Amino acid sequence: MKPRLLPPIWLALAIACPVAWATVNDALSFAKEAAAPYAKQGYIIREDAWGGDLGVKDQQAVTAHLYKGNEYGFWLATDTRGAVITVHIYDSDGKLAESEFWQKGRFAGAKIVPNKTGAYYAIVTVEKSPQERSNWALVYGYR
Amino acid sequence: MMRALLAGLRPSAKPKLPMLSRLLFPVLCALALASSLAQTPSPTIDLSKFPAAAVDEVVVPVPSEIFNVLDKLGSPNWAGEMRPNLGRNTGNRSQVAMLLGTVIADGFIAVEAENSESVKQIGQEVLNLADAINVRKAVIARSKSIIEKADNKNWRAVREELDGALQDVRGAMVELGDDDLAQLVSIGGWVRGTEVLTSVVKKSYSSNAAELLNQPELLNYFSRRLEQIRNPRLKKEELVAQVRKLVREIRPLIGKGAISQGNVEKINKMTHEMVISIASEES
């Protein structure tokens with residue numbers, strides 16, 4: 001499944017149909033919550049976000065064009081209590097490129113200082129979950 | 001965790017635990033290790049196993065990401081990169097969409113030049129052009145904020161508002177079902193951004209600075225999006241055909257290796273001519 005960009009229209013829909021969209025909204029809120037402390041460290045957090053839903057052990061790639069000279073942070077979250085998710089960053093040759101990563105239950109993150117400008121792939125994985133499918137949302141920032 | 005497991009298996013270790021605990025301990029340690037390994041990322045992945053639609057859908061960087069790097073590379077003469085005239089609205093929607101992209105890019109240059117008057121003028125022009133393609137409402141607040149923050153010389157905040165304006169305009173167009181036009185706004189911004197970037201790089205060439213132009217996947221993505229324009233009339237428009245040709249011709253100049261000074265100059269000339277066409281001015 002293609003990752004979805006979550007523009008303001010999703011938020012508008014979420015207000016109109018709170019039950020249907022509450023979970024997408026929750027995952028996004030959690031991802032922004034995970035990113036918030038990094039803004040104080042000088043990161044500019046992009047306003048747009050990406051999201052979708054995945055089954056256990058399913059993976060999703062989000063392709064981003066990153067510039068050498070910047071430092072990037074990716075923050076991922078799910079609304080599913082008890083789920084474990086991860087995000088890792090790979091370069092265009094499929095090699096692990098992140099400088100660090102962390103995982104804490106429904107939150108996960110990774111940092112990268114690109115050694116070349118180009119396309120990088122944020123690979124989102126639902127490692128385990130009490131639900132068949134889990135909503136996820138990803139945001140990224142740079143400094 | 002690993003050390004405890006090894007210590008427990010040492011032949012000299014005296015068994016003090018009851019039988020059940022002795023059996024459970026290694027099992028629990030093995031489970032903990034397995035769980036920890038499951039979260040250890042694989043050093044490589046096979047990107048071809050992911051659906052092409054997801055891998056090919058590149059997240060287009062916001063202009064601030066590029067200017068953030070440029071800030072660290074030195075202090076170019078940004079004032080010298082500003083245009084005296086932002087261009088003319090011809091009433092053609094594809095032209096207005098691309099022009100809007102170029103004007104937003106000019107906003108970033110004015111921020112770099114710390115020229116609050118120009119930033120304010122650009123904030124107003126963004127509003128006028130957004131009005132011409134029915135997305136004025138989406139940028140009213142941004143435009144006001146750009147002007148306010150430029151008055152306060154809060155340049156970082158102005159940059160963030162300009163990024164936001166670009167996203168809001170695109171979001172509003174997608175909402176109106178104008179995905180193709182939304183893409184043209186991004187492409188307009190990219191063309192003007194690339195013109196300025198190449199102009200800065202060619203004046204003080206370094207391979208580090210030239211690497212900012214290394215964006216083959218991004219160009220492939222733009223190329224695909226231009227090919228996939230659904231509206232047949234829009235697809236055939238002269239300006240759209242011109243930008244499609246531009247993307248196709250730049251692509252071989254930015255391969256995987258270092259981008260030469262000669263190629264930087266070529267890209268600068270090509271994008272400069274394209275900006276003139278978008279602005280609907282005489283060269």
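Values in this text are rule-based calculations from the coordinates and carry no lab data. As the structure is a computational prediction, the values presented were derived from the model and not from experiment. Methodologically, a virtual Cβ is constructed for each residue, glycine included, from the backbone with ideal geometry; neighbour enumeration extends over all protein chains shown.
Under a Cβ-only charge scheme (Lys and Arg +1, Asp and Glu -1), can you give me the dipole magnitude of region B:117-182 about the Cα centre, in debye to the nearest 20? Each step should come with its number before you reach the end.
On the way: 10 positive and 13 negative charges, 69 e Å.
Its charge dipole is roughly 340 debye.
For region A:100-143, the set of GluC sites (Glu not before Pro) satisfying both a DSSP loop assignment and a count of at most 16 other C-beta atoms within 10 Å is given as A:Glu132. For the residue pairs A:Lys95/B:Lys235; A:Lys57/A:Lys111; A:Lys32/A:Lys95, the C-alpha atoms sit more than 29 angstrom apart in A:Lys95/B:Lys235. Here A:Ile123, B:Ile146, B:Ile140 are placed in order of increasing Cβ neighbour count within 10 Å, fewest first, which gives B:Ile140, A:Ile123, B:Ile146. Across region B:113-124, rounded Karplus estimates of 3J(HN,Hα) from the backbone phi angles (6.51 cos²θ - 1.76 cosθ + 1.60, θ = phi - 60°) give 7, 6, 9, 5, 5, 5, 4, 5, 5, 5, x, 5 Hz, Gly and Pro being marked x. Sorted ascending by nearby beta carbons within 10 Å, beginning with the fewest, A:Tyr72, B:Tyr205 become B:Tyr205, A:Tyr72. Within straight-line reach of B:Lys144, meaning a Cα separation under 18 Å, sit the following lysines at least 8 residues removed in sequence or on another chain: B:Lys120, B:Lys153.
Taking a sphere under 10 Å around the Cβ of B:Leu226 and counting the other residues whose Cβ falls inside, with K and R at +1 and D and E at -1, yields a net charge of +4.
Within the same chain, lysines fewer than 8 places from B:Lys266 are excluded, and of the rest, those with a Cα less than 21 Å from its Cα are B:Lys202, B:Lys203, B:Lys245, B:Lys256.
One chain, two ends: B:Ser42 and B:Lys72. Fully extended at 0.36 nm per residue, the span grows by 7.5 nm beyond their Cα-Cα distance.
Kirkwood Rh over Cα pairs of region A:32-132 into Stokes-Einstein at 37 °C, 0.692 mPa s: D in µm²/s? It diffuses with D of about 234 µm²/s by this estimate. Put in order of Cβ neighbour count within 10 Å, fewest first, the listed residues B:Met270, B:Met173 become B:Met270, B:Met173.
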